[in-house]
Each structure stands twice: as C-alpha cells, then as structure tokens.
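The structure under discussion appears below in the form of structure tokens.
The values are calculated or read from the model by the stated rules, or taken from the named source; none is laboratory data. Please read these numbers as outputs of a predicted model, since none were measured by experiment. Counting neighbours? That spans all protein chains shown, and the Cβs are built from the backbone with ideal geometry, glycine included. Heavy atoms of the whole protein, side chains included, go into the accessibility calculation; ligands, DNA and RNA do not. Shrake-Rupley method; radii C 1.70, N 1.55, O 1.52, S 1.80 Å.
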Amino acid sequence: MKSICKIKPKNPIVGTNKEYSYDLLERDIGYLKMKYPFITVGKIGASVCGRDLHYIKFGDGPNKVLYNGTHHGLEWITSLLLMKFTENICKAYKNGKQIRGYDIRELFKKSTIYIVPMVNPDGVDLVINGLKKSNPYYNELLKWNNESTDFSKVWQANVRGVDLNHNYDASFDLSKKAEKEHCIVGPGPTRYSGECPESEPETKALADFTRKEDFKLVMAYHSQGKEIYWQYGNSTPPIARSIGKIFSEVSGYKLGEVIGIASYAGYKDWFIDKFKRPGYTIEVGWGKNPLPLKQFNQIYKSNEEMLILAAML
Ligand SMILES: [Zn+2]
C-alpha cells in the first residue's frame, strides 16, 4: 500500500461516483485505517500479478462472519458496496450511533466482521484500465479475448483466464463437464474452472483464510439479479433457508430455489460443503454487468440491513 500518512482523508472517504478500481480501494483502506484506528487491516495473500488481497476486520465478538466481493472482474460495484458499508459502520461505532435501529457498539461486542472487498483485483484492472503491454499475460490475454484489447464488457476471470468462482473444491468435476457443454475448452473471459480446485492464488488465499478463521456464516457478493442463493445440495444446513428468508425480506431480493446441485465450484458451494454452515451468494442490482453507478444507492439501501443482520443472527 502506498504511503499516505501526510494526506488528510476526505469526507466521506469512499466515493460512489467513480468506477471502483484497485487503486481507489487501496487508497480508501489506508484512509479508513487512519480515521478509524480500531479496525484491523491486512492481507490474505496476493493475486497472480502481485496485488495484495486486502482484508478489513472490525468488532471483537465471538460471532465471526466473512463478506467478500468481486470474484468477477465486471462486478467491482460489490467492492464499493462492502467498502461503503465498512465506512458507515465505523462512523456509527465511533459516534455511538445506530444504523436502522441496530446499536453498532452492541454489534461490535457480539460479532467480528471480516471483509475481503476485492478477490480479483487483476480482473478489475483489465475491466477498468484495459490491457497494458506490461501485463505478464499480454499475448495470452489478447488471444483469450478474441484479439480485442477491450475487456470492459466481458472479462470476469482473473489474469490467467480462470473464473475464480468456478475454482473451488465443490463438484469440480461437474463444473468441468458443464464448461465443456458450453464449448469452453480453456482460459477465457468467463466460466473456465482452471486445471484443479484452488489452482489460482486468489482462490487459494481466500480458502486458506476461511479454513483458518472458522467463520459461522459467509456471504459472497456478485452482480446481478437481485437474488440470494443459499443451497448446495444435501450439505445445506437446515437453518440456511430461514436466514435466507430474513435476508430476502430485508433486502427485497428473491430467495433462489434450486433442486439438486445447480451451481458448481463456487465459494459459497465450497463453504457449505466443507463446513455445513450457512453460506450465501448475493446477486446485487439489475441489468448488464458492469452495473452503472446510478444503481449504487439503491443497491446500498437494499443490502445494508442484511449486512448487519448476517453478523447478528
Ligand atoms: Zn459473479
């Protein structure tokens, strides 16, 4: 992270009128730590291109939860959502305020919230800043993207063309089978699962962090669809549906219902399968990715209470 110790943080820190790049994320994490020293910031690992995979932690309670965003390059609005939430929670904690009737100091006593705001910074960089000559995968990326240097509307994968939300150890063989049915035979913008589970440093880092920290519940943020996914076959714990129903009520998002295994090798699939605890994929907003910033306020309103409740239930 760049040194920003001489600069005074702006107010508010997290701006919501710009595409949320990795540089903005790093700057905001630095400012948040400066203004709210009670938060812990750190990294869980690094991306293929060596970008730090940051986490933020706040609260001191035994109830540990993890929220992550932007497994997919086009979905950087979910990083912005988690960063804005972090700022608002920290501000309320500092000032002894409530948010939506919830006492945030009580929340900090009861829970510890871990946030990994951007799982795929290299993918976000391709989407927002385009392909640069200095990229170590320059030639391959051109080939994987049909010789186009425009990644802004299509690129979900990491810089090695692996879809990170198909790279976890949960029905990985079924994921490989499904990608073949979609004529995906190798690295590309979306849906390629990689050679084996956790083949990518980003997924390995998040899985290692999850194994280490023993979370009671996780939420993986994606866009779009205004939908909440909560199942992974027979591994789904009975309580997952009732929590999902509460999430659906407070967010206005639809609770997804699937029969059997409908998603493969995603983070929430792996979490449910491995730990038999509630894990959710939240699809925010509506339309074509990347979602326009004019949706941000509505997305924030829909998700704020859910983000508080997920740490209290
Ligand atoms: Zn996604």
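Listed by first and then second residue, the pairs linking a residue in the range 121-138 that is farther than 16 Å from ASN289 by Cα to a residue that is aromatic (Phe, Trp, Tyr), with Cβ atoms under 6 Å apart and 6 or more places separating them unless they lie on different chains, are PRO121/TYR22. Filtering the range 68-76 for residues that are assigned to a strand (DSSP E or B), over 18 Å from ILE13 (Cβ atoms), modelled with pLDDT of 95 or more and more than 16 Å from the ligand (Cβ to nearest atom) leaves an empty set. Filter the range 245-271 for residues that are under 18 Å from ALA311 (Cβ atoms) and more than 16 Å from the ligand (Cβ to nearest atom); which is most open to solvent (accessible area, probe 1.4 Å)? Within the range 245-271, the match that is most open to solvent (accessible area, probe 1.4 Å) is GLU249. Within the range 139-160, residues that are more than 20 Å from LYS288 (Cα to Cα) sit with their Cβ atoms under 7 Å from residues that are away from the ligand (no atom under 16 Å from the Cβ) and among the aromatic types (Phe, Trp, Tyr), at 6+ positions apart or across chains, in these pairs: VAL159/TYR137; ARG160/TYR137.
Does SER302 qualify as being within 16 Å of MET219 (Cβ to Cβ) and open to solvent by 20 Å² or more (accessible area, probe 1.4 Å)? Steps first, answer last, please.
On the way: within 16 Å of MET219 (Cβ to Cβ): yes; open to solvent by 20 Å² or more (accessible area, probe 1.4 Å): no.
So SER302 does not fit the description; no.
Every residue in the range 120-149 that is within 19 Å of LYS18 (Cα to Cα) and open to solvent by 30 Å² or more (accessible area, probe 1.4 Å), please. Give the steps one after another, and end with the answer.
Residues of the range 120-149 within 19 Å of LYS18 (Cα to Cα): 120-130.
Scanning the range 120-149 gives ILE128, ASN129.
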